[in-house]
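Heads up, the thing below is written out as structure tokens.
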Amino acid sequence: IAKEVAKLLEMKAQLGGDEGKHKFVLKTPKGTRDYSPKQMAIRERVFNAIITCFKRHGAEVIDTPVFELKETLTGKYGEDSKLIYDLKDQGGELLSLRYDLTVPFARYLAMNKITNMKRYHVAKVYRRDNPATTRGRYREFYQCDFDIAGQFDPMIPDAECLKIVHEILSDLQLGDFLIKVNDRRILDGMFAVCGVPDSKFRTICSSVDKLDKMPWEEVRSEMVGEKGLSPEAADHIGEYVQLHGGLDLIERLLQDPKLSQNKLAKEGLGDMKLLFEYLTLFGITGKISFDLSLARGLDYYTGVIFEAVLLQSENDHVEEPVGVGSVAGGGRYDGLVGMFDPKGRKVPCVGVSIGIERIFSILEQRVEASEEKIRTTETQVLVASAQKKLLEERLKLISELWNAGIKAEVLYKKNPKLLNQLQYCEDTGIPLVAIVGEQELKDGVVKLRVVATREEVNVRRESLVEEIRMRTSRP
């Protein structure tokens, strides 16, 4: 038996087993997703709202490559640098996928010697994160950025960035939100007066940044245990980072005996006061909180930093609303362009990034819950016929409509049943049907049927385009 089995195995090897029939694993890579037509329809809606706002504020649009030279991205993100995707050496260049749209923008400004620009950029970025896709965290995702580059009077562009966040979040109707604001200089000044050594500023900063996800006790033990900060310094920081408020808090801190002695903190607080005055003029201070625990982990921020969170009151009798997570963030980064400029020329910049994926997850869940019907096409009219042998006439008519810029469809059958054609409109949400029949052709008219109400009117062929436009233009 063993001999026979060996012989059979040998024959099988010669025939070349199952290698050709490789079993495919059908999945998207970890931390990525496909978008169905329905999801894309919701997504387009969100993009439109955001881009409309950016344009309203006078921004131009740019685009940059999806990968950059590795050295362009190195050293710009602090502790997050480990999340950068590096690519294999291709043709002598070490490349990485872009991690955000801010560093490529700074490179673009320095490379083209631009000192003044207001731009937006909507594109995908890549992070080798451990994705929590349930919370809208991915490895490949879109960012929608708006930035103002140039030397201007203090806090005017910064206030506009906050106004933009306010406009977009109000427009998308995501529910209650709060925009937290702080300033890197206030943080650095606070660290200094609390006795944090210079060399530990950045690493302590990224600990403070975790306060929205972890309780103070855990953050404190990370500072003391892992990062070697003295317990006294940590407790001192604790007194400050639990403060949040508005103009009154800024005034109070300007009088704070320790902080007011620190040059950096004093500068930051002065600008924060100015910022709040402008935000009062814009009428949005109700949604803004000056929050000393806001740190934003990225290394390149130099001044004002902000983050917008959605609030969800779990149930009515909870006093403090619960944050759902950040949906926008940004700040001032005056040194980044200078890092790329051979002569170190600085271009001050301030910008905001809208976290589209999280917003998108929320809207998607909402649509699921409300069972709202989402249209995935924009077809205005289906060209149909009630009798046989009218394919040519249908094609002639649809061609006229297409040439006039009307969004139209026809079923790909020679003699479709009228009922099937009407059912197709019901299923896809097409509002109108243009029916051609022998009698209509003789009379030079087309029967236009409104799918929702089933009313039918005869329209002269030459007026059809106008009639369709009138009936489908949005009220």
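At-a-glance table
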read-out	value
Residue satisfying condition, being in contact with a Leu (Cβ under 9 Å, 6 or more places away or on another chain), open to solvent by 10 Å² or more (accessible area, probe 1.4 Å) and modelled with pLDDT under 90, within set GLY323, GLY297	GLY323
Residue list for region 261-285, restricted to those being under 21 Å from ALA295 (Cβ atoms) and open to solvent by 10 Å² or more (accessible area, probe 1.4 Å)	ASN262, LYS263, LEU264, LYS266, GLU267, GLY270, ASP271, LYS273
Set GLY228, GLY189: member being assigned to a helix (DSSP H, G or I) and assigned by the TED database to the domain that holds VAL304	GLY189
Region 363-372, residues that are part of a helix (DSSP H, G or I) and not aliphatic (A, V, I, L, M)	GLU364, GLN365, ARG366, GLU368, SER370
Top-ranked residue in region 392-412 [being open to solvent by 50 Å² or more (accessible area, probe 1.4 Å) and touching a residue at least 12 places away in the same chain (Cβ under 8 Å); ranked as farthest from VAL436 (Cα to Cα)]	LYS407
Where SER361 falls short, out of the listed (1) open to solvent by 50 Å² or more (accessible area, probe 1.4 Å); (2) polar (S, T, N, Q); (3) modelled with pLDDT under 95	(1)
Region 378-396: number of residues that are closer than 22 Å to ARG469 by Cβ and touching a Lys or Arg at 6+ places or on another chain (Cβ under 8 Å)	6
Flag for ILE84 being among the β-branched types (Val, Ile, Thr), within 30 Å of GLN365 (Cβ to Cβ) and touching a strand residue (DSSP E or B) at 6+ places or on another chain (Cβ under 9 Å)	no
Which listed residue, of ARG375, ARG345, is under 30 Å from ASP158 (Cβ atoms), open to solvent by 30 Å² or more (accessible area, probe 1.4 Å) and assigned to a loop (DSSP other than H, G, I, E, B)	ARG345
Check on ASP176, among the acidic types (Asp, Glu) and open to solvent by 10 Å² or more (accessible area, probe 1.4 Å)	yes
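The values are calculated or read from the model by the stated rules, or taken from the named source; none is laboratory data. Given the structure is predicted, the values throughout are model-derived calculations rather than measurements. In this analysis, Cβ positions are derived from the backbone assuming ideal geometry, glycine residues included, and neighbour counts consider all displayed protein chains. Remember, those area values only see protein heavy atoms, side chains included, never the ligands or the DNA or RNA. Shrake-Rupley method; radii C 1.70, N 1.55, O 1.52, S 1.80 Å.
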